[in-house]
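Everything below concerns the one structure shown next.
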Amino acid sequence: MPTYAIGDIHGQLKAFEQCLERCAFDIENDQLICLGDVADRGPNTYGCFERLLTIKNLIYLLGNHDKWFLEWLEDPEMLNQHWLNQGGIQTLASYKENLNENVKRHIKLLQSAKLFYIDVQNRLFLHGGFEKGNTLLETERTNPMEFYWDRSLWKRAVLEDVNIPFQLDEDSPVYENDIFIGHNNTRLTFPDLKPVRMQNVWNLDQGAAYGAKLTLMNVETYEYWQSDLISELE
């Protein structure tokens, strides 16, 4: 089936809809790998999750903003001030108007989110990164936050002239296949706002959280589709 990956949506429902429409995404037959951080900053986190849940073949990877949001969903009395300052206020406003049974489905989606995903072509998908020198399963066991907080993987890809290797466990092959990430928005360092490939790492976060563009890519062909400038959509 056609497989697409999408960068950090950050509550930008109009941009999300544009990307799906422009690639003629088939919600019954195509696969979407969401690289995390659907929540926060933008005006309609609720609507973004509702739209994602219409997609039959969805793989959801946990982002750091998603983790903050999930903590609030599981315990609404717990308000992380840092989260609120980083876009949580907009998410709370979105859900205040939509406190209904559908929220349980959003919680379930986030609770079942993956930290990383390796497809049948041995391509790796994750939000942030993983510990250098560790296998993916070792990182998952000892420091799972790396998968949605790490920025060193992208820095290595930018600065070092070698592919980033990854290995599931000590008994698995070491791969240097494509790695797809978000988390490190590229709008300032690459102002053309196109998706950026450094070595074997594709960065699909083009700054939707900051008024730039949302990116969706076919991971087989590298063809991509983007929203309009979000600063002009709001």
Which residue fluctuates the most in the chain, going by a Gaussian network model with Cα springs under 10 Å, if the choices are His183, His106, His65?
-> His106
Mean 1/r over all different Cα pairs, inverted: what Kirkwood radius does segment 1-62 give, in Å?
-> 11.5
To the nearest Å, what is the center-to-center distance of segment 93-172 and segment 198-234, using C-alpha atoms only?
-> 18
Highest GNM mean-square fluctuation, the chain, Cα pairs closer than 10 Å: which of Asp119, Asp40, Asp30?
-> Asp119
Principal-axis tilt of helix 102-111 within the chain, Cα atoms, nearest 10 degrees = 20
Exposure proxy check: Cys19, Cys34 ranked by fewest other beta carbons within 10 Å?
-> Cys19, Cys34
FRET E, pair Glu77, Lys14, Förster distance 45 Å, beta-carbon r, rounded to 0.05 = 0.90
Among Tyr222, Tyr60, Tyr117: highest mean-square fluctuation, GNM of the chain, C-alpha pairs under 10 Å | Tyr222
Counting Lys and Arg as +1 and Asp and Glu as -1, each charge on the Cβ, what is the dipole of segment 3-233 about the Cα centre in debye, to the nearest 20?
-> 460
Going toward the positive end of the dipole of the chain, with +1 on Lys and Arg Cβ and -1 on Asp and Glu Cβ, which of Val174, Trp225, Leu109 do you reach last?
-> Trp225
Two-decimal Rg to Rh for segment 88-181 - Kirkwood Rh, Cα set = 1.09
Dipole of the chain [Lys/Arg +1, Asp/Glu -1 at C-beta], most positive-end residue of Asn98, Leu73, Leu61 | Asn98
Place a +1 charge on the Cβ of each Lys and Arg in segment 137-234 and a -1 charge on the Cβ of each Asp and Glu, then give the dipole magnitude about the Cα centre in debye, rounded to the nearest 20.
-> 420
Cβ-based exposure ranking for Ser94, Ser172, Ser227, in which fewest neighbours within 10 Å come first | Ser172, Ser94, Ser227
Residue-normalised 222 nm signal for the chain, counting each DSSP H run of n ≥ 4 as -39,500 (n - 2.57), nearest 500 deg cm²/dmol, is -8000 deg cm²/dmol
Where does segment 1-140 land on Rg/Rh, using Cα atoms and the Kirkwood Rh?
-> 0.97
Counting DSSP beta bridges with both ends in segment 3-233, the antiparallel % (nearest 5) = 50
Radius of gyration and Dmax for the chain's Cα atoms, expressed in Å?
-> 16.8, 50
Suppose R0 equals 25 Å; then what is the FRET efficiency for Asn102 and Lys194 from their Cβ-Cβ distance, rounded to the nearest 0.05?
-> 0.10
Given Lys67/Lys155; Lys67/Lys213; Lys96/Lys155; Lys104/Lys155; Lys114/Lys155, which pairs have Cα atoms separated by over 31 Å?
-> Lys96/Lys155; Lys104/Lys155
How much of the DSSP beta bridge set in segment 165-234 is antiparallel, as a percent to the nearest 5?
-> 75
What translational diffusion coefficient, in µm²/s and rounded to a whole number, does the Stokes-Einstein relation yield for segment 174-234 at 10 °C and a viscosity of 1.306 mPa s, taking the hydrodynamic radius as the Kirkwood radius over Cα pairs?
-> 132
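Any read-out appearing in this document is the output of simple, stated calculations on the displayed coordinates, not a laboratory observation. None of the values given here were measured: they were computed from a predicted structure. FYI the Cβ positions are ideal-geometry reconstructions off the backbone, even for glycines, and counts take in every protein chain you see.
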